[in-house]
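Inspection log for the structure reproduced underneath, given as structure tokens.
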Amino acid sequence: MQTSSSSPASRGPDEGQTGIAPATVRHARPGARHAQLRSQALELLRQAVAAHPGAVVQSSSLGAEDMVLTDLIRRHALDIRVATLDTGVLHPQTLELIRRAREHYGIDIEVWHPSHQAVVEFVGRNGSDAMYRSVQLRHACCALRKLEPLGRMLQGRSAWVTGLRREQSAQRGAVQARQVGSDGRVKFSPLVDWSLGDVWHYIAEFEVPYNPLHDAFYPSIGCAPCTRAVALGEDQRAGRWWWERDGEKECGLHVQRPHGQAGTPAAGSAS
């Protein structure tokens, strides 16, 4: 199930390479339905606001998809707060993107952190490399650094917005544009039918700020210890938890749970 860990920088093109086309050039290929998909995404966001006035938050991973959604939200002055999770082990480029996005859009992006004491205790018990030693420890780390602060982010909010796309992975192939969780909280995913080309076409067209790691072949960016660049031919999420050979490569934010099962916000409650 596992292999020994390796540095993300050792797996794939180096982010300092020269002569590499940026992601906007490599990927910006709008599909035939791009204009229609954009209109549908905006309409879904407007429906979310109308159905949940003052109670909608975008849970942003700061990935390309979520930056598109933030741009749509701000461009059309929608009453949706933008929030993100700082797990304590993000890439410097990701943290810098928070500052850049705040400046670009003139908004106060909410930043939610895990419990400092809980992190200290977990690392003290299991070490800073716990995620490499077992899937169970990796899931525990994700729960501590992502799921718990996400739960606090969503308190008092009846709806949230994510950048999930069906094309991203097999696990996300059944994602719906609107899903209701067991607690009644609604998750809106306006980009479910967008292709990678659609996402990057939008970013290029509207000069949306994005993480420079995307230019260095990081299509999916999570915590620094758990993300590497991908090689030609690998799928979009191959760089996430790459040492795990099988199983569901998700952190738990977007995994459907049986009704009544506790432990994660799941689909109805927060890349």
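Listed values, structure above:
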item	result
Cα convex hull volume per residue for region 122-175 (Å³)	114
Unit charges at the beta carbon, dipole of region 16-168: most positive-side option, Thr162, Pro30, Val119	Pro30
Per residue Cα convex hull volume in Å³ - calculated over region 22-226	129
Test item: Cα-centred dipole of region 22-226, Lys/Arg +1 and Asp/Glu -1 on Cβ, debye	400
For region 232-237, 3J(HN,Hα) per residue [Karplus equation, 6.51 cos²θ - 1.76 cosθ + 1.60, θ = phi - 60°, Hz, x = Gly/Pro]	4, x, 7, 6, 5, 10
Length gained when the stretch Glu96-Glu207 is fully extended (0.36 nm per residue, less Cα-Cα span)	38.3 nm
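Read the figures in this text as sums done on the coordinates, not as results from a lab. Owing to the predicted nature of the structure, the values given are computational and were not obtained by experimental measurement. FYI the Cβ positions are ideal-geometry reconstructions off the backbone, even for glycines, and counts take in every protein chain you see.
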